[in-house]
Amino acid sequence: MKIRTIEAYPLSFSLREPYSIAYERVETAVNVFLRVGTDGGIVGYGCAAPDRAVTGETADTVLQDVCDTIDSALRGRDPLRIALLLEELRPNLKGHPSSEACVDMALHDILGKVCGLPLWKLLGGYRPCIKTSITVGILPVDRTIERVLSYMRSGFTAVKLKGGLNVEEDIERVLRVRKKAGDELELRFDANQGYSKEQAMQFIHKTECARIELLEQPTPRDELPLLGAVTHEAAIPIMADESIMSLRDAFRLARGELVDMVNIKIMKAGGIYEALMINAVARSAGLEVMVGCMDECELAIAAGLHFALARSNVLYADLDGFMGLQGDPTKGSLILRDGVLYAGDRPGLGYEP
């Protein structure tokens, strides 16, 4: 079997509810879709969710990568030789992880379809489903509480609050959410690099009674000693997100014992192939793993989900990026029921147009 056709096109999505985090406000999202056709009639689908602030990419750079590099590298090749194709592509797509990710997804989708198995089973099949948290952006306290209670009524039992702009307001927000939501809610907090060490420790101490499950990326991404200092003093787990973009980053964090947890995102890692290696480093270092996401369509979220379902040490999922996108053409690639995600038993990533 050989790859015969490669097509890419962007789609812009409006968000049902724009949201704010510590360093930006998000109102729209652009995903780039990749269709890889073979001479055997099997088609693999992938998706890139570039984000200039996180991956350093735009939809235009992804489309340029497809035109300049990906097309010629894949056309006429055996799509089942995933490791070979991705290793050959990597030097030419350095610094463009979502471009790598869309290729990786499409090749893994083809593999699953050839085998007649959903990817999560092919990769290990540890569990059929996983609970996901749902994110609440930075809002006034009363609106935050309303949003959290609404999500709980919809069946979600884990919520991640965003913050990092004002530590005092963040503390109030957490304490009041816990009081209104009760003890059953799993409460997580993401500062998105917004704190100094002193602010992070202030937040941790003053929200101790709220029993936060984890604190995500409290300090700037490149200031790893600062992140490590918070981790060593904190009484709750500290997780790296923006500070982990690659396998080498995972090794640095693990070697220095700078965090307790890592957030692996397919778009940052460059796909499932690389995410599996990052996860192996985390497991060897005893780091807990969350699989996270960007603003991604269901197809892209499904890739992260299949990875999460395949590995036993992936304990948390934050795969809610598809929920606010309007007009997602890949709807139906996964199943969401009462805050729990299921990949199902359709071959590959589970998407067919």
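Determine, yes or no, whether GLY228 is modelled with pLDDT of 95 or more, small (Gly, Ala, Ser) and touching a Pro at 6+ places or on another chain (Cβ under 9 Å). Criteria not met by GLY228.
If only residues of region 10-22 that are at pLDDT below 85 and among the small types (Gly, Ala, Ser) are counted, the one that is surrounded by the fewest Cβ atoms within 10 Å (Cβ to Cβ) is SER20. Within the option set LEU93, LEU84, LEU89, LEU117, being in contact with an Asp or Glu (Cβ under 9 Å, 6 or more places away or on another chain) and surrounded by fewer than 14 Cβ atoms within 10 Å (Cβ to Cβ) holds for one residue only, LEU84.
Let's see how each residue does on (1) outside the structural domain of GLY40 (by TED's automatic domain parsing); (2) surrounded by 24 or more Cβ atoms within 10 Å (Cβ to Cβ):
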| residue | (1), (2) |
| --- | --- |
| ALA101 | no, yes |
| ALA106 | no, yes |
| GLY124 | yes, no |
| CYS129 | yes, no |
| SER133 | yes, yes |
| PRO140 | yes, no |
| ARG143 | yes, no |
| SER150 | yes, no |
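Filtering region 92-108 for residues that are in contact with a His (Cβ under 9 Å, 6 or more places away or on another chain), part of a helix (DSSP H, G or I) and at pLDDT 95 or above leaves a non-empty set. Within region 52-69, the residues that satisfy the criterion of being within 23 Å of the chain's Cα centre (by Cα) and either in a helix (DSSP H, G or I) or in contact (Cβ under 8 Å) with a residue 40 or more places away in the chain (or both) are VAL54, THR55, GLY56, GLU57, ALA59, ASP60, THR61, VAL62, LEU63, ASP65, VAL66. Screening region 116-157 for residues that are over 24 Å from the mean Cα position of the chain (by Cα) and assigned to a loop (DSSP other than H, G, I, E, B) and picking the one that is farthest from ARG211 (Cα to Cα) gives GLY116.
With the structure loaded, tell me whether THR144 is without any contact (Cβ under 8 Å) to a residue 40 or more places away in the chain, farther than 24 Å from PRO50 by Cα and of a type in the set (Ser, Thr, Tyr) or whether it fails that test. Considered against the rule, which asks whether it is without any contact (Cβ under 8 Å) to a residue 40 or more places away in the chain, farther than 24 Å from PRO50 by Cα and of a type in the set (Ser, Thr, Tyr), THR144 comes out as yes. Annotation: of all residues in region 23-42 being surrounded by 19 or more Cβ atoms within 10 Å (Cβ to Cβ) and under 27 Å from ILE264 (Cβ atoms), the one that is modelled with the lowest pLDDT is ALA29.
The values are calculated or read from the model by the stated rules, or taken from the named source; none is laboratory data. Nothing here was measured: the structure is a model prediction, and the numbers come from that model. Note: ideal-geometry Cβ built from the backbone for every residue, glycine included; neighbour counts use all protein chains shown.
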